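In what follows, a single structure is set out as structure tokens and then discussed.
The values are calculated or read from the model by the stated rules, or taken from the named source; none is laboratory data. Everything numeric here is computed off the predicted structure, so don't read it as measured data. Counting neighbours? That spans all protein chains shown, and the Cβs are built from the backbone with ideal geometry, glycine included. These area figures cover heavy atoms from the full protein model, side chains too; ligands, DNA and RNA do not enter into them. Shrake-Rupley method; radii C 1.70, N 1.55, O 1.52, S 1.80 Å.
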Amino acid sequence: IFVPTFAIGRAQQIIYHLADLFHSEKVKRFPIYLDSPMALIAFNVYRDHQNLLAEEFHELKRKGAFPLDTQYFIPSQSAESSKELNDITGPCMILAGAGMCNGGRILHHLLHNLDNPNTHVVIVGYQSYGSIGRKLVEKAPKITLFGVDIVVRAQIHTLNGFSAHAGQTDLMKWFSYLAPSNPKVVLTHGADGPRNALAAYIKKQHNMDATLPKIGDVIEM
């Protein structure tokens, strides 16, 4: 199982849920490899600031499961150890960046495994238009990696519940506090369809015309 993973936040969250599943014995434990130097550094930050983590984390820790402990994952720090993961036999999960498959170690894993029908790729984050991750979500029959065309025989799964992006309701609630004192709003994120819809909603709710820049546009503040 390959999980393209954002190194800050998403990698830790996935392992948190797996630790919970393993500890409760809802899922039989299997090896999890964290193949991301940045995510491994982030784990140290989480360990050093546990007082800032949510109550759910502390409750799980009190039950005896410590999701930041390497008993739940095997760190893969070096490039050599990353390459060796492709020689593993038997079931395992590999978490690697980048989260949208637009770079990083996950590309090398996909290069070696996408054509294998026993491979599962689990998408746990938003995939921007044009990214390799988006093409996998849209069930592209073939992917080009490092100039090599690969037939996608792997099974692709999408878990939308892990997305950390606020929806329109949350965005508008946040913006409602800013709108009275801000005569200008610029929407830089998101695909054109949802961005246009959000701009129209801002116009309706606050009578403000949102600026929708394109790549290369210059805005004076």
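Looking only at residues of segment 134-143 that are among the aliphatic types (A, V, I, L, M) and either closer than 22 Å to ILE14 by Cβ or in a strand (DSSP E or B) (or both), we find that the one that is most open to solvent (accessible area, probe 1.4 Å) is VAL137. Applying the criterion of being modelled with pLDDT under 95 and of a type in the set (Ser, Thr, Tyr) to the residues of segment 117-133, the residue that is surrounded by the fewest Cβ atoms within 10 Å (Cβ to Cβ) is TYR129. Scanning segment 144-187 for residues that are over 25 Å from the mean Cα position of the chain (by Cα), open to solvent by 70 Å² or more (accessible area, probe 1.4 Å) and of a type in the set (Gly, Ala, Ser) yields a single hit, SER181.
I'd like to check something: does segment 155-163 contain any residue that is farther than 30 Å from HIS17 by Cβ, outside any loop (DSSP other than H, G, I, E, B) and out of contact with any Gly (no Cβ under 7 Å at 6 or more places or on another chain)? Scanning segment 155-163 turns up no residue that is farther than 30 Å from HIS17 by Cβ, outside any loop (DSSP other than H, G, I, E, B) and out of contact with any Gly (no Cβ under 7 Å at 6 or more places or on another chain). Using the structure shown, decide if ILE14 is modelled with pLDDT of 95 or more, under 13 Å from SER76 (Cβ atoms), surrounded by 18 or more Cβ atoms within 10 Å (Cβ to Cβ) and among the hydrophobic types (A, V, I, L, M, F, W, C). When the stated conditions are applied, ILE14 does not pass them. For segment 188-204, the count of residues that are over 30 Å from ILE15 (Cα atoms), under 22 Å from the mean Cα position of the chain (by Cα) and not in a helix (DSSP H, G or I) is nonzero.
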